[in-house]
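Contents: one structure, followed by commentary.
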Amino acid sequence: MSPPRQLLRTKPVDLINDESAHTALRRGLGLPALISLSVGATLGTGIFVVLGQAAPVAGPAVTVSFAVAALAALFSALSYAELAGAVPVSGSAYSYTYATLGELVAWVCGWCLLLEYGVSVAAVAVGWSGYLDEFLGATVGSRVPEALSGGVVDLPAAAVVLLATAVLLGGVRESGVVTVVTTVLKVAVLAFFVVVAAFGFSTGNLAPFAPAGVAGVTGAASLVFFSFIGFDAASTAGEEARNPQRDLPRAIVVSLAVVTVAYVLVALTAVGAVGVDALSGSDASLATVLRQVTGDGWPAVVLAAGAVVAIASVVLTVLYGQTRVLVAMARDGLVPRVFARIGARRVPAANTLIVGGAVAVLAALVPLGQLAEATSIGTLVAFSLVNIGVVVLRRTRPDLPRGFRTPWVPVVPLLGLGMCVLLVAGLAPATWAAFGVWSAAGLVVYFAYGRSRSRLGQQVQGE
């Protein structure tokens with residue numbers, strides 16, 4: 001096989017599905033747990049954390065920015081739903097791309113997923129640290145020293161990542177129970193916020209609605225798209241779902257609908273209650289809203305307490321997703337085999353420890369805004385490849401059983417691709433530069449390590 005053909009070799013879908021059928025992971029997740037996994041990985045990241053970063057960019061039209069980002073996510077979610085039902089494995093978009101676009105593109109996708117999941121965990125952990133500080137200040141009258149909560153390092157952010165790592169080591173069933181409980185709590189906390197903030201709503205806070213025009217709306221949408229990445233978390237549970245062909249597509253679509261409604265309602269009531277200026281730059285912006293609306297501290301304390309527990313569930317579920325993508329990449333030989341080693345509790349223990357430690361360091365050292373934008377660009381590239389993959393797989397394997405079929409192919413996947421390109425264009429040049437460095441590093445790793453150790457490549461050479 002010539003070098004160019006080696007880079008474009010695809011992994012047969014039947015081989016991928018056979019590996020999934022004989023997985024060493026435990027199949028313990030039903031539909032409620034999968035929905036909670038997706039909602040838990042998504043709901044909270046944008047509203048609890050990124051709203052204060054996005055509001056100054058779009059003004060009150062940040063509510064439209066959430067809707068635009070949701071629309072972009074919807075097209076990609078429909079593509080994810082089809083591929084999750086057709087190729088139900090732990091690798092998510094990485095495995096889908098390997099089956100449709102070839103090994104090199106799959107590597108790029110997997111490398112982007114490592115950026116997406118790893119950096120988003122760190123970003124959410126930084127936001128969690130802000131709400132913990134808010135909660136401690138309101139209840140015990142003492143905050144975490146500034147040098148230890150983002151001034152020099154962010155120790156609380158690192159601590160919550162390590163706590164999530166410990167929960168994941170306990171097993172997938174136990175992690176699923178924690179996820180369901182914390183997701184229900186999160187929905188209740190956001191409903192509490194909407195009701196209280198509505199008492200301070202004033203239409204005057206919505207004018208001027210879009211001071212930065214369309215550019216501001218799309219720029220903020222690029223930033224808050226980070227908030228929607230969790231819906232694909234269910235697709236990383238393909239080998240731990242009891243009925244993946246049926247339940248994975250349902251979990252993806254339902255979770256995106258729940259999250260979109262929650263985000264728009266919370267953003268609208270927050271801006272309407274206090275205006276954009278009060279939200280700007282705060283890592284605990286929703287607690288700030290309740291304090292200003294009520295003139296009292298207890299609603300903010302309730303919100304901060306709920307956020308401390310609820311945002312921790314995002315750390316848990318997204319960290320789970322990253323470890324499962326690495327399982328698939330290691331099984332294919334593209335990263336070291338240690339990441340695919342399954343321990344006594346039928347979880348990738350060494351993988352989880354390595355990833356948890358690395359993300360804890362990242363959360364301790366890198367500011368929130370830079371983390372959020374870096375996550376968005378990795379996500380958008382991965383989503384773009386999934387949209388292309390649906391079109392390719394329809395042509396190459398029209399006979400493949402699918403638990404869900406994306407409507408109006410190729411129109412919907414191409415719209416998803418176009419929306420991803422639009423949002424990527426709105427990201428800052430510094431984000432593009434960082435992504436370029438990350439991508440170059442990934443290509444070096446692939447050509448220096450993964451290409452020669454690829455199991456698919458070795459099988460082809462042996463034939």
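The values are calculated or read from the model by the stated rules, or taken from the named source; none is laboratory data. Source: prediction; values computed, not measured. Counting neighbours? That spans all protein chains shown, and the Cβs are built from the backbone with ideal geometry, glycine included.
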* **Candidates 305, 234, filtered to the one that is more than 28 Å from residue 115 (Cβ to Cβ) and at pLDDT below 90** => 305
* Among the residues of the range 53-93, which ones are of a type in the set (Ser, Thr, Tyr) and part of a helix (DSSP H, G or I)? -> 63, 65, 76, 79, 80
* Considering each of 181, 224, 187 in turn, give the residue that is modelled with pLDDT under 90 and farther than 24 Å from residue 69 by Cα. => 181
* Among the candidates 24, 72, residue that is at pLDDT below 85, of a type outside the set (S, T, N, Q) and surrounded by fewer than 22 Cβ atoms within 10 Å (Cβ to Cβ) -> 24
* Asked: Considering the range 195-225 alone, what residues qualify as being buried (at least 17 other Cβ atoms within 10 Å of the Cβ) and under 30 Å from residue 317 (Cβ atoms)?
  -> 196, 197, 217, 218, 219, 220, 221, 222, 223, 224, 225
* To do: Name, by its number, the condition in (1) small (Gly, Ala, Ser); (2) at pLDDT 90 or above; (3) within 21 Å of the chain's Cα centre (by Cα) that does not hold for residue 122.
  => (2)
* **Test for residue 457: is it of a type outside the set (A, V, I, L, M, F, W, C), modelled with pLDDT under 90 and over 29 Å from residue 18 (Cβ atoms)** => no
* Can you tell me which residues in the range 3-37 are part of a loop (DSSP other than H, G, I, E, B) and either in contact with a Lys or Arg (Cβ under 9 Å, 6 or more places away or on another chain) or in contact (Cβ under 8 Å) with a residue 24 or more places away in the chain (or both)? -> 8, 9, 10, 11, 12, 23, 24, 25, 26, 27, 28, 30
* Structure fact -> The correct count of residues that are modelled with pLDDT of 85 or more and either closer than 28 Å to residue 66 by Cβ or of a type outside the set (Ser, Thr, Tyr) (or both) in the range 365-402 is 21
* Residue check: is residue 318 part of a helix (DSSP H, G or I), in contact (Cβ under 8 Å) with a residue 24 or more places away in the chain, in contact with a helix residue (DSSP H, G or I) (Cβ under 6 Å, 6 or more places away or on another chain) and buried (at least 22 other Cβ atoms within 10 Å of the Cβ)? -> yes
* Starting from the range 403-431, take each residue that is loosely packed, with under 14 Cβ neighbours inside 10 Å and of a type in the set (S, T, N, Q) and list its partners that are part of a helix (DSSP H, G or I) and modelled with pLDDT of 85 or more, counting only C-beta distances under 9 angstrom and pairs at least six apart or across chains. => none
* Can you tell me which residues in the range 326-353 are more than 19 Å from residue 162 (Cα to Cα) and outside any loop (DSSP other than H, G, I, E, B)? -> 327, 328, 329, 330, 331, 337, 338, 340
